[in-house]
Every structure is written in structure tokens, then in C-alpha cells.
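Working notes for the structure below.
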Amino acid sequence: MEIRFLEETDSLLDISHIYEASWKYAYKDIIPQDYLDSIPSGQWAPRLTSDGKRNLICIENDNIIGTASIRKSRWKSHADYGEIIAIYFLPEYIGKGYGKMLFSRCVEELKQMGFSKIMLWVLEDNMRARRFYEKNGFHCADEYLDDCIGGKNLREVMYILE
């Protein structure tokens, strides 16, 4: 298994596919199914390299199986934080320890970028992810964002590591 930064020769469509498959798996029963079923192939590809993101990929047997995006916080109220924007895996690799390795690498890279505090947002109803973040030292900051995905009102919760 290898974790490295995304390179120009890596397929953005392959990375987008990981987002798509992960959303359909992780957000089942959280986001409306008709919305998940209608996610177009390649939806995330154009946005992967925008906004100062740094993308990591996890490779197993020459296949990209997971991805994560990190950057300086996008939130003025947390301007001195690093941010983990996304961490996604193909469903068949979830729960096998790859997530912990990729997540740890995200934290390590943000610390190397000079951030002693790190934040992320997670859907309030995504208990599996929330437990994962808590196991890895993050705690709920009691800050929330209201969102609407697929016509359903959802809430995101901020988690922080200090």
C-alpha cells in the first residue's frame, strides 16, 4: 500500500469515481437515495485540483482505492487551522485499516504545513465517520452548518484536533 500526493498523470475520473462510490455507500439512508443514484460520473473531477487543495491518494496493487483532500481552512473563524476537506474510499476497502493510515497522513501533512490545529466537517447523521474521527483524537466542536442535499435538510458538525 502506498499513500502519495496526486500527480498530473493520475486520472481525475478515477478519483471522482471513488467519491461517487463512497457517497453511495456511506450516505445511504442519510442522503435521499434518488439523489445518490443520480450522481453523474465524473462529477468531482473538475473540482479536485481547485481552491488550494492538496490531494492524497491511497494505492493498493496499482489501483487507486482512496483519496483525501487537505488545505488551509476555508473558514475565517478558523483561519489558523488546517482542514481535512474529504476522505473517501471505494466501499470494498472501508473498514480494513486503510482509512486510519490515510487519515494519519492527512494530519501529518497538515502539521508539516505548520498547522497545530486541524478541523473537518462531517454530516451529523454519519455516526460511523464521527466514531472514526473521535477514535483518532478529534472532538466535536459544537459548531454546525445547515445544508440541503437532494432536497433533504442536513446538518454538518465541525470536529477539531488541537
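The values are calculated or read from the model by the stated rules, or taken from the named source; none is laboratory data. The structure presented is a predicted model; accordingly, all values stated were derived computationally and were not measured. No Cβ is skipped: glycine too gets one built from the backbone with ideal geometry, and neighbour counts run over all protein chains shown. Calculation scope for accessible area: heavy atoms of the full protein, side chains included, ligands and nucleic acids excluded. Shrake-Rupley method; radii C 1.70, N 1.55, O 1.52, S 1.80 Å.
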Inset, instruction - Work out the charge dipole of the chain with +1 on the Cβ of Lys and Arg and -1 on the Cβ of Asp and Glu about the Cα centre, then indicate which of His17, Ile39, Tyr159 is farthest towards its positive end. - result: Tyr159
Inset, instruction - Write down Rg/Rh for the stretch 56-137, rounded to two decimals, with Rg from the C-alpha atoms and Rh from the Kirkwood relation over Cα pairs. - result: 0.97
Legend entry - For the stretch 1-118: relative contact order, % (alpha-carbon pairs under 8 angstrom, 6 or more apart): 26
Inset, instruction - With θ set to phi - 60°, apply the Karplus curve 6.51 cos²θ - 1.76 cosθ + 1.60 along the stretch 56-72 and write out the HN-Hα couplings as whole Hz, x wherever there is a Gly or Pro. - result: 9, 10, 10, 10, 10, 6, 6, 10, 6, 10, x, 8, 8, 10, 10, 5, 5
Inset, instruction - Starting from the Cα gyration tensor of the stretch 20-88, take the square roots of the eigenvalues, sort them a ≥ b ≥ c, and report rounded, prolate or oblate (rounded when a/c is under 1.5, otherwise prolate if a/b is larger than b/c, else oblate). - result: oblate
Inset, instruction - Note down the net charge around Ile85, summing +1 for each Lys or Arg and -1 for each Asp or Glu among other residues with Cβ under 11 Å from its Cβ. - result: +4
Inset, instruction - Whenever you get a sec, line up Glu109, Glu156 from highest to lowest accessible area (probe 1.4 Å, protein heavy atoms). - result: Glu156, Glu109
Inset, instruction - Express the carbon and sulfur contribution to the solvent-accessible surface of the chain as a percent, rounded to the nearest whole number, probe 1.4 angstrom. - result: 46
Legend entry - Rounded, prolate or oblate (a/c below 1.5 giving rounded, otherwise prolate when a/b exceeds b/c) for the chain by Cα gyration tensor: rounded
Legend entry - Heavy-atom accessible area per residue - the stretch 13-162, 1.4 Å, Å²: 52
